[in-house]
Each structure stands twice: as structure tokens, then as C-alpha cells.
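A short write-up of the structure that comes next.
The values are calculated or read from the model by the stated rules, or taken from the named source; none is laboratory data. Computed from a predicted model, the values in this text were never measured in an experiment. Every residue, glycine as well, gets a Cβ built from its backbone with ideal geometry; the counts of neighbours run over all protein chains shown. Ligands, DNA and RNA are excluded from the accessible area calculation, which covers all protein heavy atoms including side chains. Shrake-Rupley method; radii C 1.70, N 1.55, O 1.52, S 1.80 Å.
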Amino acid sequence: MRRPLTLRTRVTLLALLAAAVVVALLVGAFNVVLQTSLDRDVNRTLRSKAAAAVTTTSVTGGRVVVRDAPNDEAIDREVWVYEGRRALVRPPGSASLQRAADALALQGGGFASSPDGEARLHSVAISTRGRRLGSVVVAESLEVYDRTTDVALAGSVALGGLLLLLVAALTWIATGRALHPVREMTRTAADWSAHDRERRFGPGPRPDELGELAGTFDALLDRLAASLRHEQRLSAELSHELRTPLARIAAEAELLGRRTRSAEELEAGLRSIAGNAEEMAAILDTLMKAARAEAGLDRGRAQLESLLDRVATRWRPAFAVRGIALEVATPPGLQVGVDAEVAERILTPLLQNAERHAVARVSLSAERTGTTVLIHLDDDGPGIPAELRDAVFEPGRTATNGDGAGLGLALARRLARATGGDVEAVGDAAAKGAHLRIRLPA
């Protein structure tokens, strides 16, 4: 496939074409003007020669008489004097020139060119009392004038060619200088995208066009960085969410391999492994649904009462091991505009956090305000300091230096925001424990 021309080459060719049209018009106009001027000069010279030749003639007794005059050799050169059709003075010349002079003498005035185009002729009538007795014909060689026009044409064409070369060179250089910042910005953006994704061009002093290009590159780098951060966050979330079921599977497998177990114990262990594998599949499916929610796809809906009951049923055994009571209070008939699995994945890291820090009680309650459903999760643990209520939702941040990778709350907030809701830590400094509020669309 033929490689397309570069922008620099196309601009140079376009400028060269435009300059060629202009130069051709100028060269043509110049030579037309020059030819017209030379024609006027030839005619003016012929009139002067004819007037001088007429002064050497007179009419005596009805006859044309040629008198001698100073410098008559200069005057007689290329001068014909006629009486009627008869030539009284005939300078030497080619047969075609003689025939042209004879023909012009009969006209009694005007201009004509020789058949071979080498001379221009002019005729003036000799008259007395309104009666034409003869005529004077003069000629002027066009050799000098033709040479002048040839030299002018060649010179103008050569000058036009030099101008075109100059235009091409200047356009090539100017285009290269104009595109150099673009080329440098392109290379810089490519380098930053590979090695330093946080660098940006910013609003520095640039021409408007380069400023717009810099803004475009910055926006592109922002989208690229956001995409890479999304991939990194997804990897971290997968690791965080799959860690618990994988640990359970590994523990069950280790227990199964350590000693001989009864058929009932073996079946229970296999069911546990299968249940954890199903949980892993559900986690992956939930993250895919969250991605669809972020893309603006259908978010589904769920009955909140049955959803919270199901979540409480799953988590009560783990809370009971630590002596923590899990209470649920939900108005009947309340619905949320979120898939049940997504809502459960929002609640799961929040309940994990409560199970880790609560002392004796965790409560789940819900209410509707306008087009929003608020789910409140309260525990009686140490709570979240006011200065950390936003920071705990950042990946890798925790309220304490205890266990946890600091990804659960970040995942919960991201999933909630993907559905048009949010998760936030609220409460006052005097209240005991943590109070998390989940906002979901009704």
C-alpha cells in the first residue's frame, strides 16, 4: 500500500502549486506588457523615420522630387519613396520585404509587418492640395526587439523558477519549524504515557493551536491514567474479595489432607469448598455487574428487606463467634434500584469492617428519603476519627493499624457510586462506635 504524504510535504506542495500559478500569471503579464511597450517603441521609431524621410521630398510641377539632405545615407537606409506606383528610392532588401513595401505604398498610410516577421513597415502619404501623389515607406528591423523579448522571457522564466525554489524551501523550513513543537509534544506525550503517567503539559504560554493540542494531550493522558488506575484497582479489589474464600478453600483442603476423615466430614468439607468456589464466582459476577453499572447499563432492582435478611443470615454465624449481635430493621416493601448481588457486595466489606471492630452489637436499618434509600450500619466499636472519615475510603487506608488491606471500604464506595449512590462515614465526636451510611437509588 502506498504510504501517504506527510503533512509537511502536502503543505509544501500546496504552497508550491499556488506560487506556480501566481508566478505564471506574473511572467505572462510581464511579457505581454513588455511586448506592448516594445510595439509602441517600434511604431514611434517608424513615425520619426517617416517624418524625417518626408522632409527630403518635395512636389514640383505635380511631380515628387527627392532632395539631398544631410546624413541622407542614414535617412535612405530602409526608406522607400514612391511616386504613384513607381519607386523613386528603393533600398536593398529581400524580395519579401520589397513586396511588403510596395503593397503598403499603395495603401497610402498605416503599419504592416514583413512576411517573414523580421521587420515592421510604416507608410506616410505625399500629398498636395488634397491629392496624393506618392508615399514614403520606412522599415525597422525587429531583430533587436525580438532579442529583447526572448531575453526577457528567458529571464522571467528563470526568475520564476528561482522564486518557486525559494518558496518551496521557505515553506518546507517554516512548516518544519511550525510542526516541530507538535512533534516534540507528541514524543513527550508518548514518553509520559509509558514512563510518567502523572506528568501533564499544563496551561503554559503557547500559541492558541498548541495550547489546544496540549489540552487534548492532557485529557488523553488523564483518560489513560484513569484506565490504568481502574485496572490496578480492579486487580486489588479482586485480590481483596477473593482472599477470604480462597483461604477457606485452602484451609479445608489442608484439613482434608492431614488425616483420614469420615464420609460425613469429607462431604461437609467438599460442600464447604464448593460453597466458597460459588462465592468466588458470585464475586466475579458482581464486579462485572459493577463495571456494567459504571458504563451506564441497566442497574436492576432488589427488595431491600429480603436482601438485608439474606445478608444477616450469612453473617450472623461469624458475628456470633465473637459474641456480637447483628440486628436488622427494615420497612416492608422498600426497593432499591440496584442488583441484589451488587448491593450485597457493597454491604459485605462494611460488615467485615464492623465484625472486626465491634464489641457487642451491630445494627442494620433502612429508610427512604425522596428518591434515595438510606441504609445505616452502626457498631459499638472504637469508631472512625472525624479527620479520617473520608480517608478510610481511599485504597490502602484504614482507621487503625490493625488487620486489613484498606481496600474494602474503597470498593464499597466505588460500587455504590457506580450505581448512582455513595457510602460515607457520619456521626459526631460524642457518639460511640462507627456509623456508616449507604445511599442507593430507590
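Near THR372, the amide H atoms lying under 5 Å from its own belong to ALA442; only residues 5 or more places off or on other chains count, and H is placed 1.01 Å from N.
The range 1-56 to the range 90-146: how many Å between their Cα centroids? Comparing the Cα centres of the range 1-56 and the range 90-146, I get a distance of 30 Å. Computed over the Cα atoms of the range 7-65, the ratio of the radius of gyration to the Kirkwood radius (Rg/Rh) comes to 1.60. Each peptide in 434-441, 348-355 gets a packing score, the mean of other Cβ atoms within 10 Å over its residues, and the list from highest to lowest is 348-355, 434-441. In terms of the mean number of neighbouring beta-carbon atoms within 10 Å, the peptides 98-106, 317-325 order highest first as 98-106, 317-325.
Heavy-atom accessible surface of the range 71-132, averaged per residue, reaches 59 Å², computed with a 1.4 Å probe.
Put simply, the convex hull of the Cα atoms in the range 47-136 casts, on average, a shadow of 5.6 nm². When each of the peptides 327-339, 135-147 is scored by how many other beta carbons lie within 10 Å of its residues on average, the order from highest to lowest is 135-147, 327-339.
Taking amide H as placed 1.01 Å from N in the peptide plane, LEU142 has its amide H under 5 Å from the amide H of ALA119, ARG120, each at least 5 places away in sequence or on another chain. Whole-Hz Karplus values for the range 382-394 come out as x, x, 10, x, 4, 6, 10, 5, 8, 5, 5, 8, 8 Hz, taken residue by residue from phi with 6.51 cos²θ - 1.76 cosθ + 1.60 and θ = phi - 60°; glycine and proline positions read x. Computing the accessible area with a 1.4 Å probe over protein heavy atoms, can you report the carbon and sulfur percentage for the range 320-364? Of all accessible area on the range 320-364, carbon and sulfur atoms account for 51 percent.
Amide H contacts under 5 Å for GLY134: GLY84, ILE126, restricted to partners 5 or more places along the chain or on a different chain, H placed in the peptide plane at 1.01 Å from N. For ASP146 and ARG183, the difference between the fully extended length at 0.36 nm per residue and the C-alpha to C-alpha distance is 8.0 nm.
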